[in-house]
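Before any comments, here is the structure.
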Amino acid sequence: MFGKNKIPKAVETNKEKRLQHIAFIMDGNGRWAKKRGMPRTYGHSVGAKVFKKIIEYCGDSGIKAVTVYAFSTENWKRPKEEVDTILSLFVDYLSDAEESWKERNIQVHFLGDKSVFPPEIAERMVKLEQDSFDREKILNIAVNYGGRDDIVHAVNALIKEGKTEITEDDITSHLYTKDSPAPDLIVRTGAETRLSNFLLWDSAYSELYFTSTLWPDFDEKSVDECVFEFYKRKRRYGGV
Ligand code: FPP
């Protein structure tokens, strides 16, 4: 399935080592457009097409869960025109992708506080989650998401439940990502080597993969390369 990079059979069939959850920080849209003398918004519209292609490829490749960082709690600081473009690409994607998720047996989750969106968009997001909840694979789209905000949101939910002392499991089970296994691999495109407030709690033992490829140039072969690299890593989880 993964192109010419063959996954060693022993690893692929070992359930404990199998890549179940891959997450993407889709960085570099603006630089990609600038290099071509185009506005940053053009980079986002190409990035949105790549996003759709990569989700479909991961779904077809049998990966259980995919998470993408589409819009962070900090991205609101960008110029209004850019914010509006990203959000309108997101809304277009919502009306466009439903069939593709259904075909691939994908349930969708939106990570982050939906209340900032206009009610018709927030309601659409909830409906898409409800309509797909019993499907086998998972797509998490992080919009208005921040890793710190996710932890605070979980702790506040626990306080509301009346807890006065909490465990790690309590937090894990109250995060926006509670329905997914922890990410095995986090990929960041665009040459920056940081997490930028993405999946802070969940990434404790994730493998990290940074590439200088800008998101609009990322393709199926790039996914193969990440996955192949993942299977070369030795995961010890603090043991020996
Ligand atoms: C980072 O590139 C990208 C974003 C902040 C937005 C990602 C959005 C999309 C891929 C398209 C819309 C989303 C969906 C879900 C359809 P950057 O702008 O920070 O690039 P730069 O580092 O080169 O400036």
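Below, the figures for the structure above:
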read-out: Most to least packed among 26-36, 159-169 [average Cβ atoms within 10 Å]; value: 26-36, 159-169
read-out: Cut-off 9 Å between beta-carbons: net charge of the residues surrounding LYS64, Lys and Arg +1, Asp and Glu -1; value: +1
read-out: Kirkwood-type radius of the stretch 175-228, with distances r between different C-alpha atoms, in Å; value: 12.2
read-out: ³J(HN,Hα) computed for each position of the stretch 227-240 - Karplus, 6.51 cos²θ - 1.76 cosθ + 1.60, integer Hz, glycine/proline x; value: 5, 4, 4, 4, 6, 8, 6, 9, 9, 10, 6, x, x, 10
read-out: Rounded FRET efficiency, nearest 0.05, which uses the C-beta distance separating ASP219 from VAL155 and R0 of 41 Å; value: 0.55
read-out: Pairs from LYS17/LYS160; LYS34/LYS232; LYS34/LYS80; LYS17/LYS102; LYS137/LYS178 whose Cα-Cα separation, in the structure shown, is over 25 Å; value: LYS17/LYS160; LYS34/LYS232; LYS17/LYS102
read-out: Rough spin-label spacing in nm, given labels placed 7 Å along Cα→Cβ, for LEU195 and ASP169; value: 2.3
read-out: Calculated from backbone phi, Karplus (6.51, -1.76, 1.60) coupling profile of the stretch 40-56 in Hz, x at Gly/Pro; value: 4, 4, 5, x, 5, 5, 5, x, 5, 5, 5, 3, 4, 4, 5, 4, 5
read-out: Alpha-carbon gyration tensor eigenvalues x 5, square-rooted, for the stretch 55-126, Å; value: 24, 14, 12
read-out: Separation of the GLU129 and GLU103 label points, Cα + 7 Å toward Cβ, nm; value: 2.6
read-out: For the stretch 161-178, Karplus couplings with θ = phi - 60° (6.51, -1.76, 1.60), whole Hz, Gly/Pro x; value: 6, x, 6, 10, 9, 10, 10, 4, 4, 4, 5, 3, 7, 10, 6, 4, 8, 4
read-out: Using distinct alpha-carbon pairs, which all enter the 1/r mean, Kirkwood radius of the chain in Å; value: 18.7
read-out: Globularity ratio of the stretch 104-176, using Cα Rg and 2.2 N^0.38 Å; value: 1.23
read-out: Built amide H within the under 5 Å cut-off of THR67, gap 5+; value: ILE22, ALA23, PHE24, ASN140
read-out: Förster-model FRET efficiency, 25 Å R0, ASP84 and ARG235, C-beta, rounded to 0.05; value: 0.05
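Readers should treat all values here as calculations from the given coordinates under stated rules, not as data from a laboratory. Everything numeric here is computed off the predicted structure, so don't read it as measured data. Cβ atoms come from the backbone with ideal geometry, glycine included; neighbour counts cover every protein chain shown.
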